[in-house]
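Just so it is clear, none of the values below were taken in a lab; they were calculated from the coordinates. Model, not experiment: these values are computed from the prediction. Cβ sites come from the backbone with ideal geometry, for glycine too, and all protein chains shown count toward neighbours.
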Amino acid sequence: MKGFWQKETNPGSNGQVRSPAVAGAFYPGNAGELRQLVERCFKHSLGPGSLPRVIPGGKRSLAGLVCPHAGLIYSGPVAAHGYFQLASRAKPERVVILGPNHHGYGPALSLSAALAWETPLGRIAIDGEGAKKLLAGNPALRQENDAHVYEHSLEVQLPFLQYLYGEDFKIIPIAMSEQGLAESTKLGLTIAGAFPADDTVVIASSDFSHYEPQAAAEKLDGLAIKAIEKMDGDGLFSAIARHGITMCGPGPVTAAMAACRQWGVTEARLLRYATSGDVSGDYSRVVGYASISMALPEG
């Protein structure tokens, strides 16, 4: 773990800052190159096709997103669809980011103990007061750092958020090695109980099928996406178990659905589905990516 945590040097602060773990690997380590890559993701043929325009006075109807978390050159254009939608809504006060714990370090449900996270695009503060509310509302949730040392699923969402908002927002990052239906649902209900829908967005970080032929991935992922569109956590877990879908973040997605249902969201919408083969041209063993929005009824 040595070298991961920086001593905070800002005047008046005695906290810790999480340095990026996958800068230079999952995305460029240089700020200018990273910003250019994010813009290419938005303008990509698999992406929205244009740069987002942040609308300060937009409605706050978007409650949740499902976004992929591979290297940005592969999954970034699909992820960009969700952030393109987010830009057209009023900026949230906080973003709760839920992702799978790929490495197994730390407790089952781990909320970062840092005061801020950093990428080449700058530093984002943790919502400390919001974190306290979640910890008080869910005994299974622990605040610590080990689960976040190497984990990429949360970190790769940050460059998109920073592109939209700079450093003018707060995050609550939670890594989940416990992805069972009951605990994931309970976490989502904890989030909805702690925060109002009008100032919070929940982002579930997940890829879908792993290393399947293109046709198989599309078929399997379609079953999972159908359950998500219905906001059906039971149906999602049933489809995964019945068909052996190798989705890596069913827990984060289920938690996000539970929170959004509690806030009043009744259905989700697929914004874009593609695979790594659509980028690389190799369709023999692909990873599936989907961007899905969960919005409150308008009007």
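Remarks
- Per-peptide average of other Cβ atoms within 10 Å, ordering 63-72, 207-216, 43-52, 90-99 highest first: 63-72, 90-99, 207-216, 43-52
- Cα gyration tensor shape of region 116-175, rounded if a/c is under 1.5, else prolate or oblate by comparing a/b with b/c: oblate
- The chain shape via C-alpha gyration tensor axes, a/c threshold 1.5: rounded
- Pairs of lysine residues in the chain that meet both criteria, 8 or more places apart or on different chains and Cα atoms under 24 Å apart, total 17.
- Close amide-amide hydrogen proximity is noted between Gly24 and Gly29, each under 5 Å apart and 5 or more residues distant or on a separate chain (H modeled in the peptide plane; Pro and chain starts excluded).
- Each residue of region 208-213 was assigned a 3J(HN,Hα) from its phi angle through the Karplus curve 6.51 cos²θ - 1.76 cosθ + 1.60 (θ = phi - 60°); the sequence is 9, 4, 10, 6, 9, x Hz, with glycine and proline shown as x.
- Near the amide H of Leu271, within less than 5 Å, lie the amide hydrogens of Ser291, Ile292, Ser293, all on another chain or at least 5 residues away, with H placed in the peptide plane.
- Residues whose placed amide H lies under 5 Å from that of Lys230, excluding near-sequence neighbours: Ala268
- Normalising the average separation of contacting C-alpha pairs (under 8 angstrom, six or more residues apart) by the number of residues puts the relative contact order of the chain at 24 percent.
- Relative to the Cα centre, the charge distribution of the chain, modelled as +1 at Lys and Arg Cβ and -1 at Asp and Glu Cβ, gives a dipole magnitude of about 340 debye.
- Backbone N within region 120-150 under 12 Å of label point (7 Å from Glu178 Cα along the Cβ vector): 138-143
- Here the Karplus curve 6.51 cos²θ - 1.76 cosθ + 1.60, taken at θ = phi - 60°, turns the phi angles of region 228-240 into couplings of 5, 4, 8, 6, 10, x, 4, x, 5, 5, 5, 5, 4 Hz, with x standing for Gly and Pro.
- Here the 3J(HN,Hα) profile of region 24-35, calculated from phi with Karplus coefficients 6.51, -1.76 and 1.60 at θ = phi - 60°, is x, 10, 7, 7, x, x, 9, 4, x, 5, 5, 4 Hz, Gly and Pro shown as x.
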